[in-house]
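Taking it in order: structure first as structure tokens, then the write-up.
The values are calculated or read from the model by the stated rules, or taken from the named source; none is laboratory data. All of these numbers come straight from a predicted model, not from anything done at the bench. Using ideal geometry, Cβ is built from the backbone for each residue, glycine included, and neighbour counts are taken over all protein chains shown. These accessible areas exclude ligands, DNA and RNA; they are computed on the full protein's heavy atoms, side chains included. Shrake-Rupley method; radii C 1.70, N 1.55, O 1.52, S 1.80 Å.
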Amino acid sequence: MDYYQILGVSKDSSQADIKKAYRKLSKEWHPDKHKGDKKAEDKYKQINRAYECLSNSGKKQAYDQFGSEDGPQFGGGGGGNPFGGGFQGGGFGDIFETFFGGGRGGGGTRQSDMQGRDVEARINISLEDAYSGDKKGIRMKKHVQCESCSGSGAKKGSSKKNCHECNGTGQVTRTVQSFFGAISQSMMCEVCRGAGKVPESPCGKCSGEGRVVDVEEIIVDIPTGINDGQTLRVPGKGEVGRQGASSGDLYVRISVSPDKRFIREGDDLRVEKIVSVADAVLGKEEDIETFSGKVTVKIPPGTQPGQILRMKGKGMPILNTSRFGDLFVIISIEVPKKINRKERGMWEALRKS
Ligand SMILES: [Zn+2]
Ligand SMILES: [Zn+2]
């Protein structure tokens, strides 16, 4: 919900313009003109809420800065002293920190404390997993949907009613003493946590929360070509929201373990191939095991130690494409340490030649 959009004004509109826009809209959407129209009633509430914020320079500033309609929401979400520590003690630094603490969490324009939080996890995979892509299960302890009430928080067969504390608006107005003087502050209702509705008869298993803490196994799709340190977002797999509100997301940080044979360089792979002196001199076709099976590499006659042979398209899959990097084969030449009498004769003959 964007307050500027609701009033049809821009961020740099003057207070006079905001007032004008509000007067026009509030007349247009006044409940007397739209009797029994629930949508119009909501619209009217929104217009009033938007004006309440944008007509107050302090609130408007916080809204502009933090992009949250609950911008100046003192203290963290959920229980405790709603005024946090900010306004009692320290200076501006403290206040801004507290603003951040209250405004973030759900990301952006949080209307209530109902939505589930985002959660983070880590998965360790092998280079081969990163090559072929995979499904990995992770077990996480978090808020999951209550099965008893299917997440509604209401006992089977019962419904929800307007919250008595806020009369269904989800907001309460408090007067806060600050060194700016007494300010009237619209805050999230602590009883319904901003939802406006509460279960008539709460579900016994989850105490009306609609969610319980349990271990959930989540299957994460690992895309082919993922890199070490990348983060995957799994929408809706974070904590389940209260009473059926939307869930948070799961962010999975991927660690790719180093491989024994292959060294990864971006989308390319490097591998060492040991060949005999004779094979280096005369040339040979050799098989190399890769993640996609055996490939044949042609070692040309006269191959030098450290020479690099490039095999196009035999490297790692490139993330989000159907292309592949290259495989670089680095040649090492093995010089025999022990030779028998017959071999000695042959090497000596070679030396003389
Ligand atoms: Zn329940
Ligand atoms: Zn309430």
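So if I take the centroid of the Cα atoms in the stretch 243-260 and the same for the stretch 27-55, what is the distance between those two points in Å?
41 Å
Whenever you get a sec, line up 312, 43 from highest to lowest accessible area (probe 1.4 Å, protein heavy atoms). Numbers along the way, then the final one.
Details: 312 155, 43 65 Å².
Highest to lowest solvent-accessible surface, that is 312, 43.
Only Cα pairs under 8 Å and at least 6 apart count here; give the relative contact order of the stretch 263-352 as a rounded whole percent. Please list the in-between numbers first.
Values: 149 pairs, mean separation 29.3, N = 90.
It rounds to 33 percent for the stretch 263-352.
Angle between the Cα long axis of helix 15-28 and the longest principal axis of the chain, 0 to 90 degrees, nearest 10?
70 degrees
Of the accessible area of the chain, with the probe set at 1.4 angstrom, what percent is carbon plus sulfur? Write down the numbers at each step before the final one.
Values: 10070 of 20720 Å².
So the carbon and sulfur contribution to the accessible surface is 49 percent.
Return one whole number: the accessible area per residue of the chain in Å², for a 1.4 Å probe. Show your work: numbers first, answer last.
Values: 20720 Å² over 353 residues.
Per-residue value: 59 Å².
Relative to the longest principal Cα axis of the chain, at what angle does helix 341-352 sit, 0 to 90 degrees, rounded to 10?
Helix 341-352 sits at roughly 90 degrees to that axis.
Residue separation times 0.36 nm, minus the C-alpha to C-alpha distance between residue 233 and residue 161: what's the value? Present the calculation step by step, with values, prior to reporting the outcome.
On the way: separation 72, 0.36 × 72 = 25.92 nm, distance 3.55 nm.
So the chain would gain 22.4 nm between residue 233 and residue 161.
Taking R0 as 45 Å, what's the FRET efficiency between residue 52 and residue 205 from their Cβ-Cβ distance, rounded to 0.05?
Taking R0 as 45 Å, the efficiency between residue 52 and residue 205 is 0.70.
At 7 Å along the Cα-to-beta-carbon direction for both residue 141 and residue 214, put a label point, then send me their distance in nm to one decimal.
1.6 nm
Once you place label points 7 Å from the Cα toward the Cβ at residue 11 and residue 341, how far apart are they in nm?
Spacing of the two 7 Å Cα→Cβ label points: 9.2 nm.
Using Cα-Cα distances under 8 Å and only pairs 6 or more residues apart, what relative contact order does the chain have, in percent? Display every interim value, and only then the final one.
On the way: 681 pairs, mean separation 49.1, N = 353.
Contact order relative to length: 14 percent.
In square angstrom, rounded to the nearest 10, how much accessible surface does residue 347 have for a 1.4 Å probe?
100 Å²
Helix 38-54: angle to the longest alpha-carbon principal axis of the chain, degrees 0 to 90, nearest 10?
Orientation of helix 38-54: about 80 degrees from the principal axis.
Between residue 30 and residue 353, what is the spin-label point distance in nm, taking each point 7 Å from the Cα along the Cα→C-beta axis?
10.9 nm
Could you order the peptides 320-331, 257-268 from most to least packed, using the average number of other C-beta atoms within 10 Å per residue? Show your work: numbers first, answer last.
On the way: 320-331: 15.9, 257-268: 14.2.
In descending order of packing, they fall as 320-331, 257-268.
Protein chains only, probe 1.4 Å: how do 237, 35, 24 rank by accessible area, largest first? Show your work: numbers first, answer last.
On the way: 237 80, 35 165, 24 135 Å².
In descending accessible area the options line up as 35, 24, 237.
Are there cysteines in the chain with no second cysteine's Cβ under 4.7 Å away, and if so, which?
53
What FRET efficiency do you get for residue 65 and residue 175 if R0 is 25 Å and r is their Cβ-Cβ distance, rounded to the nearest 0.05?
On the way: r = 23 Å, r/R0 = 0.90.
Efficiency for this residue pair is about 0.65.
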